[in-house]
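> Below: one structure in structure tokens.
The values are calculated or read from the model by the stated rules, or taken from the named source; none is laboratory data. All values derive from a computational prediction rather than experimental measurement. Don't worry about glycine lacking a Cβ; one is built from the backbone with ideal geometry, like all the others, and counts go over all protein chains shown.
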Amino acid sequence: MILNIFTDIHNKLLEHMSGGAAHITELILIAAAYLGIFAILGLLLVWLERRVAGFFQLRLGPNRVGPFGLFQTIADALKLVSKELTGTVKADSMLYRTAPYFVITTALMALSLIPFSHEIQAFDINIGVFFLISVSSVGVLGIFLAGWASNNKYSLIGGMRTGIQMISYELSVGMAIVTMTVLAGTLQISEIIEIQKDGWLIWKGHIPAIIAFMIFMIAGTAESNRTPFDLVEAESELGAGFHTEYSGMNFAYYFLAEFVNMFIIASVAVILFFGGWLSPFGITDTIPFAGLFWFTVKVIGVIFIFMWFRWTFPRFRIDQLLTLEWKYLLPVNMVNIVLMALIVWLGLTL
Amino acid sequence: MSYFSDIINGTKTLLTGMRITGKYFFVNLFTRKDVITRQYPDNIDTLKMFDRYRGEVIMLHNENNEHKCDACTLCEKACPNGSIEVIGDKKINPETGKNVRFLVKHIYHLEMCTMCGLCIEACPQNAIAWGQNYHNTAYDRSKLTKVLNKPGSKIVPGLKG
């Protein structure tokens, strides 16, 4: 549970205090570090999204504040911090106030499992992937509660749509991950990456792995509530969906968590299919911290595909959404698991 | 079995869409060739408004400081909200001996104008037209009330009047 990179700090702390106190201090330090990562990731991804959207739509995107407009999102965040937190009188006050924290807490918990490089991973348990799925499905609760507690018809419809969408697509994400764990033979994230040293899983598993990757990308887009699966927010129909009644930082929590969730899903894709922080063909294995670079490059690549989806495809109707999941993705997924199992059993992996 | 062909066709059309938007993205990322954004305060020297832009109503003057308005007040009558006041007067033309109208002041209230263009359509002489000036903000309302005929200008000789 200790960051490998911080063994020095661990020893330093032990010089000054007892074991228990040092442990707690480390926990606090790691929590603070991850909160920082959370904020920076959110702001960077919002900037990236707006820039990329600009280029897709023949615009330039934010380019005024700071180099390449990098500080634009910081300015926006400052504005959101300074705004008043409004609420409705008839809202269920306690749920209404706590709902945003469900979303960010689960996003943070999921973030703790992500191995940024060989040295940097806060929490590496033997059921890592399983834990990741479980935790990220709790995040729905925050959106659902927000829709319910706001006491607003648009929020309620948005929240209900989340329920339908998440329950449906959780299945596909889960089964795509199961397909890959059949191949990997382990649930521990560090071991999954170790296995890929002689070839990424998308290469080892060839046909079923590619099918699983496509399903994972589709279902992952739905999991992070992004277009074309943004029925939850659906600006043109529902105002702003579940967060209609939220303002200031409460709104910003949802906004940041959405982008961090996208990062988490992209990271899972990178871990399961593209070898996590491993460099292609092991070219930079000897350089320390090269893993961080490769991990970032791969994740940004996957995130770019998500953004590409968003600025290309129009939004689904609710019936199309359910047809896609229950009539297409799920059966294909089930056949795919059997196919993968057969391939592993017969030793046809590359 | 349309089930499998649906999957294949669906994937194919999605990829077609992604190819088109992807082309936009990469062309703009590397060349900025098709970017339609105009970065306003930076390009102020080169910025040119398009032909049909409705900035404000202007009166056309030729190089001899002559306009075509004979103060018929058709534009004033056409204006739905009274943005135009035409002040004319009459005098005897020494050549023909006729008593004719001439323009003293063509007052235009830009602050009230809705840019509907009815005055320009109504003008029989094509004396007024759309100007392409887009710097129309002012700190004082009264600055937006303009006299369209330039000081000392006269009607084009030979025109009616």
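> Within the bounds of the stretch B:4-15, is there any residue that is over 30 Å from A:P314 (Cβ atoms) and either in contact (Cβ under 8 Å) with a residue 24 or more places away in the chain or of a type in the set (D, E, K, R) (or both)?
no
> If you don't mind, there's one more thing I want to ask. Check whether at least one residue in the stretch A:179-193 is part of a helix (DSSP H, G or I) and within 18 Å of A:W326 (Cα to Cα), and report yes or no.
Yes, there is a match, as at least one residue in the stretch A:179-193 is part of a helix (DSSP H, G or I) and within 18 Å of A:W326 (Cα to Cα).
> Cβ-Cβ distance below 9 Å, separation of 6 or more or different chains: which pairs start in the stretch A:322-340 with a residue that is facing chain B (nearest Cβ under 10 Å) and end on one that is among the charged types (D, E, K, R) and in a helix (DSSP H, G or I)?
Note: pairs meeting the criteria are A:Y328/B:D6.
> Got a number for residues in the stretch B:40-78 being within 14 Å of another protein chain (Cβ to nearest Cβ) and either on the phi > 0 side of the Ramachandran plot or under 21 Å from the mean Cα position of the chain (by Cα) (or both)?
Qualifying residue count, the stretch B:40-78: 3.
> Test each condition in (1) among the hydroxyl-bearing types (S, T, Y); (2) surrounded by 18 or more Cβ atoms within 10 Å (Cβ to Cβ); (3) away from chain B (no Cβ under 14 Å) for A:T284 and report the one that comes out false.
(2)
> Sticking with this structure for a sec: B:C75 is checked against (1) at pLDDT 90 or above; (2) outside the structural domain of B:K150 (by TED's automatic domain parsing) and fails just one. What number does that condition carry?
Unmet condition: (2).
> Counting residues that are hydrophobic (A, V, I, L, M, F, W, C), in the same structural domain as A:Q165 (by TED's automatic domain parsing) and closer than 28 Å to B:V27 by Cβ, which helices (runs of 4 or more DSSP H) fully inside the stretch A:39-151 reach at least 1?
none
> From (1) within 29 Å of B:W130 (Cα to Cα); (2) in contact with a strand residue (DSSP E or B) (Cβ under 8 Å, 6 or more places away or on another chain); (3) loosely packed, with under 11 Cβ neighbours inside 10 Å, pick out the condition that doesn't hold for B:D51.
Result: B:D51 fails condition (2) only.
> Quick one: would you say A:E258 is acidic (D, E) and within 14 Å of another protein chain (Cβ to nearest Cβ)?
In short, no.
> I would also like to ask the following. Identify all residues within the stretch B:1-39 that are more than 9 Å from chain A (Cβ to nearest Cβ) and of a type in the set (K, R); write none if there are none.
Correct list: B:K12, B:R19, B:K23, B:K33, B:R38.
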